[in-house]
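Participant: Provided herewith is a single structure, encoded as structure tokens, for subsequent inquiry.
The values are calculated or read from the model by the stated rules, or taken from the named source; none is laboratory data. Quick caveat, the model's predicted, so the values are computed rather than measured. Cβ placement follows ideal geometry from the backbone for every residue including glycine, while neighbour counts extend to all protein chains displayed.
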Amino acid sequence: MDLRTNAKLPLAVVLLCMLSVFAGAAPQLAAKRIAKGLRLPTYLCAAPGDASRLFVLEKETGQVRIVKEGKVLADPFLDVRAKLGESLKPEQGLHCIAFPPDYGDKNNCFYITRTDSKGASILEAYRVSDDPDVAVSTSGKTILRIEQESPMHYSGLIAFGLDGMLYYSRGDGGPQGDPFGHAQDLSLLLGKILRIDVHKRDPYTIPLDNPFANSEFARPEIWAYGLRNPWRFSFDSLTGDLYIGDVGYQTKEEIDVEPAGSGGGRNYGWPTREADGCQGGAEDCDDDSSFAKPVHVYPRSSGQAVIGGYVYRGKAMPEWHGAYFFADLISSRIWSMRYVDGAVTELIEHTNSLEPKGKKTINLISSWGLDANGEMYLCDYLDGDIYKILKARE
Ligand SMILES: [Ca+2]
Ligand SMILES: [Ca+2]
């Protein structure tokens, strides 16, 4: 959002715009703790159509835990601790889980991402047993293994798009500032979002409409590139638009939006660009117009690690339909915005209304999550709480 444009508007118009936003304001939101005692939770999701359970990942125990009827089940759904290696660096461990759209019907496979004992990223397929609360721990099969030299910027989010393809975010792999230009190197899978088809053939196939499917120089798995640490991305479940929260380095955090049907192949600018400027705040860098620009950025004074969330499409809070929610790991601030016709509107901060009675209980937000009804949750990394976002009482 370019505030300089607003400054040119007559004051009365600005005031009118502000008043109309407040007059039509959606009800305030609140957060309710629905589970506790998780150890370093990093992700939460549901299996498609299954409103009775939440799956929560614990980064260092390597366990996928189930929250069922308000209780964390004693036995994990899956435990991959033995595959993570002896001592974990801060960004290593179990990262994500994704259930395919037809999971539980004809398909008993699901997918996880994690690091291994060598510090590489693994995308791995597993099967569930006849007991839906227990996966077959011996069924793990590597789909993709991506090596890197520095133990940082793994990202590792996996999610199925509305097109049924599996998207997988990979950070630049370090070191800081991406001095080797991994994110711009199309022969590497670092600093990218990948798109693969896991339904047809073992271990995966390249969708024919991937932007580099027939390239002689680029890895055909690449969907988007020039990303630093796209820890969280998500698809609007109504429109298919892709929202990316790319964690910044020294100056700003950024959110990118890729409209459905874009065809992929976008270059988000890292490490030449950081958010809406040059990396490290340098005065001049290649301001290539082919770089896709972020739709929203915020500076170090507002936070230091963006945690991208979701466009809300649930049932309980219809006034918030279409709003994209995001947070910051370090400042614990929480916002929503709408991205309409190429512009951000209704940027609203929720931090104070979500904290119960002024207590500071939402401490270190590692991830957003969605249940099968599209309702939103927050994972509190520091003390292992899970919060549900609700409409505040009138
Ligand atoms: Ca960027
Ligand atoms: Ca807490």
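Participant: Run down Arg114, Arg145 and say which single residue is surrounded by 15 or more Cβ atoms within 10 Å (Cβ to Cβ), in a strand (DSSP E or B), in contact with an Asp or Glu (Cβ under 9 Å, 6 or more places away or on another chain) and among the charged types (D, E, K, R). First the steps, then the outcome.
Facilitator: Values: Arg145 fails: surrounded by 15 or more Cβ atoms within 10 Å (Cβ to Cβ).
After applying the criteria, what remains is Arg114.
Participant: Hey, another quick one. Mind counting the residues in the stretch 313-346 that are closer than 16 Å to Tyr298 by Cβ and acidic (Asp, Glu)?
Facilitator: Final tally of qualifying residues: 2.
Participant: Here is a follow-up. Ile66 - would you say it is farther than 13 Å from Asp133 by Cα, modelled with pLDDT of 95 or more and in a strand (DSSP E or B)?
Facilitator: Values: farther than 13 Å from Asp133 by Cα: no; modelled with pLDDT of 95 or more: yes; in a strand (DSSP E or B): yes.
Taking the combined requirement at face value, the residue does not satisfy it.
Participant: On to the next question. Looking at Asp105, Asp130, which one is part of a loop (DSSP other than H, G, I, E, B) and at pLDDT below 95? I'd like the intermediate steps shown before the answer.
Facilitator: Working: Asp130 fails: at pLDDT below 95.
Of the residues listed, the single one that is part of a loop (DSSP other than H, G, I, E, B) and at pLDDT below 95 is Asp105.
Participant: May I pose another question? Going through the stretch 255-291 one residue at a time, which ones are aliphatic (A, V, I, L, M) and part of a loop (DSSP other than H, G, I, E, B)?
Facilitator: Narrowing the stretch 255-291 to residues aliphatic (A, V, I, L, M): 255, 257, 260, 275, 282.
Within the stretch 255-291, Ala260, Ala275, Ala282 qualify.
Participant: Can you name the residue in the stretch 174-206 that is in a strand (DSSP E or B) and in contact (Cβ under 8 Å) with a residue 12 or more places away in the chain and, of all such residues, is nearest to Asn108 (Cα to Cα)? Lay out the reasoning, then the answer.
Facilitator: Step one: of the stretch 174-206, the residues in a strand (DSSP E or B) are 192-197, 205.
Okay, now just the ones that are also in contact (Cβ under 8 Å) with a residue 12 or more places away in the chain, so 192-197.
Values: Lys192: 28, Ile193: 25, Leu194: 23, Arg195: 21, Ile196: 19, Asp197: 16 Å.
Applying the filter and picking the extreme gives Asp197.
Participant: Need pairs with beta-carbon distance below 6 Å; first residue on the phi > 0 side of the Ramachandran plot and within the stretch 336-361, second among the basic types (Lys, Arg); sequence gap 6+ or separate chains.
Facilitator: Pairs found: Glu346/Arg338.
Participant: Taking strands (runs of 3 or more DSSP E) that fall entirely within the stretch 207-254, which contain at least 1 residues that are of a type in the set (Lys, Arg) and away from ligand 1 (no atom under 14 Å from the Cβ)? Give the steps one after another, and end with the answer.
Facilitator: Details: elements: 222-225, 232-235, 242-246.
Where strands (runs of 3 or more DSSP E) fall fully within the stretch 207-254 and carry at least 1 residues being of a type in the set (Lys, Arg) and away from ligand 1 (no atom under 14 Å from the Cβ), they are 232-235.
Participant: Still on this structure, please answer the following. Mind listing just one residue for me: the one in the stretch 255-304 that is loosely packed, with under 13 Cβ neighbours inside 10 Å and of a type in the set (S, T, N, Q) and, of those, farthest from ligand 1 (Cβ to nearest atom)?
Facilitator: Ser301
Participant: State yes or no: is Trp270 touching a residue at least 60 places away in the same chain (Cβ under 8 Å) and touching a Gly at 6+ places or on another chain (Cβ under 6 Å)? I'd like the intermediate steps shown before the answer.
Facilitator: Numbers: touching a residue at least 60 places away in the same chain (Cβ under 8 Å): yes; touching a Gly at 6+ places or on another chain (Cβ under 6 Å): yes.
Here the answer is yes, as Trp270 does meet what is asked.
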